[in-house]
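Since the structure comes first, as structure tokens, the remarks are kept for the end.
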Amino acid sequence: MWNTFVNAWRNPEIRKKLLFTLMIVVIYRFGSVAILIPGIDTEGLRVLFDTYLESGNLLGYYNILSGGALSYATLFALSITPYINASIIIQLLTIAIPALERLSKEGGEEGKKKLASITRYTTVAIGLIQSFTYYILLKNNDLLTNPSVWSAIVIIASFTAGSAIIMWLGEQITDKGIGNGISILLFVGIVARFPQIGMTIFSYFAQGGWYILLMVAVIVLLLAMIVFIVVVTDAERRIPVQYAKRMVGRKMYGGQSTNLPMKVNMSGVLPVIFASTFLALPGTIISFVGPAEGTFWYGVSRWLTQTHPFYIVLYLLFIFGFAYFYSVIQFNPVEVSNNLKKNGGFVMGYRPGKPTSDFLMKILNKITFIGAVFLAIVAGFPLIFSSLTGIVAISIGGTSLMIAVGVALETVQQLEAQLLMRHYKGFLE
């Protein structure tokens, strides 16, 4: 990885892209920690979000993804969550609505531009809704220094504008920088919290005693999880495919052997994000109401904390369910089988058509189960560890680590592709 960055820096064109990406990242972090929205009690807000993190509230999870910007009430407080939510919604609607599906599959470049435009408008709409909800949260917790109508307009408009600017910054990285812009900003937000996690681990070291052994075990397990994530992220099942020979004019096409790659973790980190959102949403709504201790809804909120065994079991079940759901969306065995048949290809040992699609579905179910087990281990182990030890600070470490490692691997692969494209000398040599 280090050699890749060194070689990329030596190339003037790639170095320009790296510097542009770095400039956007600096702007993003500056807007996340330095540009404060007026009229908000930031000290009280940070205390509130500390309690949200300990209770497993959805806002505490969003605060970590934003690199702490949500608890600072800065211009980029909403971070990239409106864009991620909009992208997921449009992607799911593309399957449900035939018009959007035609734009995605048959619209070509123009269709992709229309879908991107729809995603942008949806991002602004979700940002406006989240900004209004954020304002209501501030108002209900007496965190507004000037609770007037004009103050509400300024706060809501500022947060909404910030989410739109972040979307634009991410698109600029994708077009003129290195890597996927939104993924890079998400990576930056997560990595920005690492120093705070390091300070937390150091504070436990300072307590001495068995805490030293516990923190050493935590560090070893984190390193082991990184290796585990890298291995499974790159793992894939390769299905041998043979193409029949056919004459087109005077030329012979086909006849070669290749393979059909199926990634083990085909759904990525999305099942973990979906499961976290679904389970944290009821607790977040209950926290807005503020039920009294001893009531039914107070008991429900306790059961839905991240370190409660009931929450952990539900969390793992949701991860498995969403992993299968998203894998079916990503890989359609019937469509793949039909495409192979049209192009004269077939899976060795299976006839084209239904036998091939049944075989691909069987393989898909197996590797999806393995991928779901991987996600459950990475995302569920920190919760179980926190439940046993009482250290809540690392309860979502698995999810954050998986996102960070995945984005880092993807960015390095794009750098390697850029280097290969520029150093390729062609067939004549």
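The values are calculated or read from the model by the stated rules, or taken from the named source; none is laboratory data. Note that this is a predicted model, so its numbers are computed, not measured. Please note: Cβ atoms are built from the backbone with ideal geometry, for glycine as well, and neighbour counts cover all protein chains shown.
Give the residues of the stretch 331-344 that are of a type outside the set (D, E, K, R) and either surrounded by fewer than 15 Cβ atoms within 10 Å (Cβ to Cβ) or touching a Phe, Trp or Tyr at 6+ places or on another chain (Cβ under 9 Å) (or both), sorted by residue number. Correct list: Pro333, Val334, Ser337, Asn339, Leu340, Asn343, Gly344.
Figure legend. Inter-residue proximity from the stretch 129-140: first residues on the phi < 0 side of the Ramachandran plot and among the β-branched types (Val, Ile, Thr), second residues at pLDDT below 85 and surrounded by fewer than 15 Cβ atoms within 10 Å (Cβ to Cβ), beta-carbon distance below 8 Å, spacing 6+ or different chains. Indicated pairs: Ile136/Phe288.
Does the stretch 354-367 include one or more residues that are of a type in the set (Ser, Thr, Tyr) and over 15 Å from Arg238 (Cα atoms)? There is at least one residue in the stretch 354-367 that is of a type in the set (Ser, Thr, Tyr) and over 15 Å from Arg238 (Cα atoms). Just a yes or no: is a residue in the stretch 28-46 part of a helix (DSSP H, G or I), farther than 30 Å from Gln330 by Cβ and polar (S, T, N, Q)? Yes, the stretch 28-46 has at least one match. When Trp150, Trp168 are checked against the criterion of being among the aromatic types (Phe, Trp, Tyr), surrounded by fewer than 18 Cβ atoms within 10 Å (Cβ to Cβ) and under 29 Å from Lys17 (Cβ atoms), a single residue qualifies: Trp168.
Please work out if Phe159 is within 18 Å of the chain's Cα centre (by Cα) and touching a residue at least 40 places away in the same chain (Cβ under 8 Å). Taking the combined requirement at face value, the residue does not satisfy it. Say we look at the stretch 127-145 and pick out the residues that are exposed (fewer than 15 other Cβ atoms within 10 Å of the Cβ) and aliphatic (A, V, I, L, M); which of these is nearest to the chain's Cα centre (by Cα)? Filtering first and then ranking leaves Ile129. Among (1) in contact with a helix residue (DSSP H, G or I) (Cβ under 7 Å, 6 or more places away or on another chain); (2) buried (at least 19 other Cβ atoms within 10 Å of the Cβ); (3) over 24 Å from Phe194 (Cα atoms), where does Leu45 come up short? Exception for Leu45: condition (3). Residues in the stretch 291-319 that are in contact (Cβ under 8 Å) with a residue 40 or more places away in the chain and of a type in the set (A, V, I, L, M): Leu304, Ile312, Leu316, Ile319. The number of residues in the stretch 220-245 that are exposed (fewer than 13 other Cβ atoms within 10 Å of the Cβ) and modelled with pLDDT of 75 or more comes to 8.
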